[in-house]
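What follows is a set of notes on a single structure, which appears directly below.
The values are calculated or read from the model by the stated rules, or taken from the named source; none is laboratory data. These figures come from a predicted structure and were not determined experimentally. Glycine gets a Cβ as well: all are built from the backbone with ideal geometry, and neighbour counts include every protein chain shown.
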Amino acid sequence: MTTFSIAGDDFVLDGRPHRILSGALHYFRVHPGLWADRIHKARLMGLNTIETYVPWNLHEPRVGEWVSDGPLDLGAFLDAVAAEGMHAIVRPGPYICAEWSNGGLPAWLFADAGVGLRRNEPQYMAAVERYLTHVLEIVAPRQVGAGGPVLLVQIENEYGAFGDDAEYLRELVRITRACGITVPLTTVDQPRASMLENGSLPELLKTASFGSRATSRLATLRAHQPKGPLMCSEFWDGWFDSWGEHHHTADVAESAAELRAVLGAGASVNIYMFHGGTNFGFTNGANDKGVYKPIVTSYDYDAPLDEAGNPTAKYWAFREVIAEFAPVPAEVPRAAADAPRPSSRLDVTVPLADVQERLGEWSEHVDPATFDELGHDGPFAVYATTIDTAVDAVLEFGEVRDRAQVFRDGCRVAALARDHHERAVTVPAGSASISVLVEDLGRVDYGPRLGEAKGLIGPALLDGEPLRRWRVLPLDLTRLDVIDAALDAGAPATATLVGPSFARGQFVLEEPADLFLDTGAWGKGAVWVNGFALGRYWSRGPQRTLYVPAPVLREGANTVLVLELEAARSTAITFAASADLGHLES
């Protein structure tokens, strides 16, 4: 039986000191048909461990509904790690940040305003215990002592940046141990005194998160933990992107030098990210530090393995550094080839307004109800009311979360953007129907705005007076059968596309292969290929292509479904030879 423990300043595997060389790889950001490929390439870089978060909001999308199959089969992912002869670290949160919607916390968790976020509050802890019990039932039989790959399990996530409720942490430890977890438990925080002290307990192994100044930051960690193995369990080798900003990269030589400093100090490491993957569908998070910034679909992260699983210059540089401290396999990954570039057109279209009532049900409210009050976890809902004014009037909302298109009698009046702090629009005089299409662009994943509601936030005012009598229609965009049926009776697409509209077309492949869908001529919206939700596109950039994993494609005809919200200047379906993640900071 394999044994793993902490003794003195070392991790000890089967009685011998062991250095963890780990890479972050989130199973929920990678098509399951590609898990084995990504894990294998991690071993070829010299890593011996794979780390993953666990997203509560995907596994329990509704209260009591547990999902752990297909792309959410954590057990199968950990088994794939074991099959490669590697170990695993599991970080179940419950809060994970990860630039993921709501930091992984399910939206339904906050339906009751009395729920205590990330603290030892009974309602919150009851839900957390149910969640952790499900997750750890999967993890426990896959610990190293039971013949599995799991070496470490993390408690919470960077908690010192949020709170200091030691009883909350102790309760998480109790639940974790009660679920049969016997491996060492860790915490992670940025190496700042207050965070390291508030974010952990004496009985837990403190680890640090950083991407630079490795020597001094490890020294700070050691000062707050005199005994135990040193570990940087988030070695930041890149960064994420937000819509409207530049594409982030980290200098290869500098990152390699910092990794060398970590390993030269005798520390263990988890490279965040080894392979970032993709925020498929509508799963991206957002940040709000005074300005709301939604995160793009790509989670490439400038990682050693790019979004499509190809080794980058950073991969080879890190491999050389690791080889100075540990054996590295002789086998190397193949270099990437250009992706196929089929072309076609979107050939049929239907306005969203003609489909929307088949995607949900209207409900009536005195004031605009939030998505959360409707039990709707986004990404779209339609709000409707009527007005009758003798003069032009100002329609105003308390807040728009996160983007609203306002229509008067079906004609667009304006768009209101949260990131521009817009919440008022002039509507022309007269009697008219008003509809507002609201998009949740991503729930905040870090900081005090965790768990906030989405949609139109009241009050709704017309020239300063309350505007009552609203109807709200949540849109279920998983009903692709309904959308396809509407498109079957739709109109032929022209050279351009006026949104909000659905459009559909097909392209032909000789055989499945990774593709990069070129969205440069489209405005703002989302794409599905063969029913698989690729994610959002936006002319704001920086991202200009969407990654299409080979396992969702097939030989012959493949279907593209587009929801264009603004305007596409072309209905051509084109592909690029490689990813275009946008301009760099000059």
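The set of residues in segment 254-299 being of a type in the set (Val, Ile, Thr), farther than 20 Å from Asp237 by Cβ and in contact with a Ser or Thr (Cβ under 9 Å, 6 or more places away or on another chain) consists of Thr283, Thr297. What about Glu156, is it out of contact with any Pro (no Cβ under 6 Å at 6 or more places or on another chain), among the charged types (D, E, K, R) and part of a loop (DSSP other than H, G, I, E, B)? Taking the combined requirement at face value, the residue satisfies it. Counting only residues that are charged (D, E, K, R) and closer than 30 Å to Asp10 by Cα, segment 224-258 holds 5 of them. The residue that is surrounded by the fewest Cβ atoms within 10 Å (Cβ to Cβ), counting only those in segment 342-375 that are outside any loop (DSSP other than H, G, I, E, B) and of a type in the set (Ser, Thr, Tyr), is Ser343. Quick check on my filter: what residues within segment 320-343 are at pLDDT 95 or above and either among the charged types (D, E, K, R) or under 18 Å from Ser578 (Cα atoms) (or both)? Glu320, Glu324, Glu331, Pro333, Asp338, Ala339, Pro340, Arg341, Pro342, Ser343, listed by residue number.
Go through the residues of segment 380-389 one by one and say whether even a single one is assigned to a loop (DSSP other than H, G, I, E, B), in the same structural domain as Ala460 (by TED's automatic domain parsing), touching a residue at least 40 places away in the same chain (Cβ under 8 Å) and within 24 Å of Ala111 (Cβ to Cβ). Give the derivation first.
Initially, segment 380-389 is screened for residues assigned to a loop (DSSP other than H, G, I, E, B), giving none.
No; the residues of segment 380-389 include none that is assigned to a loop (DSSP other than H, G, I, E, B), in the same structural domain as Ala460 (by TED's automatic domain parsing), touching a residue at least 40 places away in the same chain (Cβ under 8 Å) and within 24 Å of Ala111 (Cβ to Cβ).
Of all the residues in segment 20-69, those that are within 24 Å of Gly93 (Cα to Cα) and among the basic types (Lys, Arg) number 3.
Based on what the data block shows, is Asp347 in contact (Cβ under 8 Å) with a residue 60 or more places away in the chain and in the same structural domain as Gly535 (by TED's automatic domain parsing)?
Yes, satisfied.
Any chance segment 70-87 includes a residue that's assigned to a loop (DSSP other than H, G, I, E, B), assigned by TED's automatic domain parsing to the domain that holds Tyr168 and in contact with a strand residue (DSSP E or B) (Cβ under 7 Å, 6 or more places away or on another chain)? Yes. Residues in segment 8-49 that are of a type in the set (A, V, I, L, M, F, W, C) and in a helix (DSSP H, G or I) were compared, and the one that is farthest from Ile322 (Cα to Cα) is Phe28. Looking only at segment 197-237, how many residues end up being crowded, with 22+ Cβ neighbours inside 10 Å, under 23 Å from Asp251 (Cβ atoms) and more than 29 Å from the chain's Cα centre (by Cα)? Residues in segment 197-237 being crowded, with 22+ Cβ neighbours inside 10 Å, under 23 Å from Asp251 (Cβ atoms) and more than 29 Å from the chain's Cα centre (by Cα): 0 in total. Which of the residues belonging to segment 421-454 are under 24 Å from Glu566 (Cα atoms) and outside any strand (DSSP E or B)? Residues satisfying the conditions are His421, Glu422, Arg423, Pro428, Asp440, Leu441, Gly442, Lys454. Within segment 426-447, the presence of a residue that is surrounded by 15 or more Cβ atoms within 10 Å (Cβ to Cβ) and without any contact (Cβ under 8 Å) to a residue 24 or more places away in the chain is excluded.
Residues of segment 504-537 being of a type in the set (Phe, Trp, Tyr) and under 21 Å from Asp306 (Cα atoms), which ones?
Initially, segment 504-537 is screened for residues of a type in the set (Phe, Trp, Tyr), giving 507, 516, 522, 528, 532, 537.
Correct list: Phe516, Phe532, Tyr537.
Taken together, the residues in segment 325-357 that are within 28 Å of Ser255 (Cα to Cα) and touching a helix residue (DSSP H, G or I) at 6+ places or on another chain (Cβ under 7 Å) amount to 6.
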